[in-house]
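Just below is one structure, and these are the notes that go with it.
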Amino acid sequence: MDNLSSYRAQFLFVLRMIEDNAVTDDDHKLAELMAADEVCHACQPIRYCSSDEIEYQYITLRYGDKKDLSVFALDMSDTVRAALDLFALYLAVRQTQFELETFHPDLLNNLVFSMNACTLLRPEGKHFIDQLGQHFKQPMSMLIPSLYLTPGEASNPATKAMLERLEDRFHKVCFDVHLPISDLEYLTPFDPQTIKISNSLDSQDEKRALLPVIRYIKRRKATLVAGRVTSQNTLSQYKMLGAKYYFGYVSDVPIPVHFKGFEDPKAEMRKNSASAPKPNSWPTNKSKPSTNSRRSKPNATNNKRYSMPVSTICINRRRPSLWMKKLKRLLGR
């Protein structure tokens, strides 16, 4: 498979994977968006429930004029969805590398990104992880994959070895649980320390669906991360249920982060396809980022650790810290 020692090579790997395996109309739409550099990621702080201080950053993929549309709402085939998982990892590595070159490591927050276990069990997923682990070891060691693992995948003998590789290469592994689910015992062999859920608790059905998860987390003494928190009432309920971290619109709007794309990526793809046979390992079933800044919560001024480029650091912009003023002067802003 391809040598993925450069960002360009990683991007072309993902783009080719999408174009070669596009089945649905949305698959083809996504390929066009990717080739036109219209897909980026958005960051949202993950905060302590007790203090509202920022501990991590959660990233997700967006597109549209305002970069407020989720690509995961599209009707995508399995292979194309797997390609998006790899694209999210590529962006997370690229952003972390940029931050390491710009700020002191102690000022950074670890990035959390979603990943399906089935993606990493595929040949191209294994290759992508191995290549980034070889060429981008330091930024990968600061990332946290939020892994969605089904009961069927948990019983796959290859899954245990895959989890061990992830734990060696990443900062840690978080498990993403999709509701409703009645039993989480299939996760026990993997000793989950952190579990993330996304549930607004707006209805009684959503609250009932959460009960098996809460019982399992308390029995395992695991850490709960609550996502999609849209109101103070929901946040209060999660606090009572023992959540340690939360993220959602109740405190922060996701901030789009866009890296400069590559000139005519399809030209490079045409050149590669003319000089090499088409890979047969994929299933056939059918520099510097620019950002939009916003004000964060007033109580974020006391945070000691920051992430993101200067224009998106989560601080109170009405009263910037002395450290921030000095940093802006250094950068000529």
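The values are calculated or read from the model by the stated rules, or taken from the named source; none is laboratory data. Given the structure is predicted, the values throughout are model-derived calculations rather than measurements. For neighbour counting, all protein chains shown are included, and Cβ atoms are generated from backbone atoms with ideal geometry for every residue, glycine included. Areas reflect the complete protein model, heavy atoms only, side chains present, ligands, DNA and RNA absent. Shrake-Rupley method; radii C 1.70, N 1.55, O 1.52, S 1.80 Å.
For segment 75-163, the Kirkwood radius over C-alpha pairs fed into Stokes-Einstein at 4 °C and 1.567 mPa s yields D = 93 µm² per second.
Placing +1 at every Lys and Arg Cβ and -1 at every Asp and Glu Cβ, with all other atoms neutral, what dipole size does segment 161-202 have around its Cα centre, in debye to the nearest 20?
Values: 4 positive and 8 negative charges, 41 e Å.
Magnitude of the dipole: close to 200 debye.
Where a ≥ b ≥ c are the square roots of the eigenvalues of the C-alpha gyration tensor, would you call segment 5-128 rounded, which needs a/c under 1.5, or, failing that, prolate if a/b is larger than b/c, or oblate? Judged from the Cα gyration tensor, segment 5-128 comes out prolate (a/c at least 1.5, a/b above b/c). Rounded to the nearest 20, the size of the Cβ-charge dipole of segment 55-137 about its Cα centre is 140 debye, with Lys and Arg at +1 and Asp and Glu at -1. Straight Cα distances below 19 angstrom link LYS137 to the aspartates and glutamates ASP2, ASP85, GLU99, GLU101, ASP106, GLU124, GLU164, GLU167, ASP168, with same-chain residues fewer than 8 positions distant left out. Please state the shape class of segment 128-258: rounded when a/c is under 1.5, otherwise prolate if a/b exceeds b/c and oblate if not, all from the C-alpha gyration tensor. It comes out oblate by the Cα gyration axes. The residues of segment 162-236 expose, per residue, 51 Å² of accessible area to a 1.4 Å probe.
If you take all other residues with their beta carbon under 10 Å from the beta carbon of PHE190, and give Lys and Arg +1 and Asp and Glu -1, the sum is -2.
Over segment 1-57, the pair-distance histogram of Cα-Cα distances with 5 Å bins from zero comes to 4, 16, 17, 14, 12, 11, 10, 10, 6, 1 percent, rounded to whole numbers.
Does segment 187-261 come out rounded, prolate or oblate by the C-alpha gyration tensor, with a ≥ b ≥ c the root eigenvalues, rounded set by a/c under 1.5 and, if not, prolate when a/b is larger than b/c and oblate if not? It comes out oblate by the Cα gyration axes.
Round to a whole number: what % of the accessible area of segment 25-136 belongs to carbon and sulfur, probe 1.4 Å?
Working: 1680 of 3830 Å².
Carbon and sulfur atoms account for 44 percent of the accessible area of segment 25-136.
So, with a 1.4 angstrom probe, what is the percent of accessible area on segment 178-245 that is carbon and sulfur? Carbon and sulfur atoms account for 50 percent of the accessible area of segment 178-245. A 1.4 Å probe, protein heavy atoms only, puts the accessible area of ARG81 near 70 Å².
Compare the peptides 172-178, 71-77 by average per-residue count of other Cβ atoms within 10 angstrom and give them in order, highest first.
Details: 172-178: 18.9, 71-77: 16.4.
Going by the mean number of other Cβ atoms within 10 Å, highest first, we get 172-178, 71-77.
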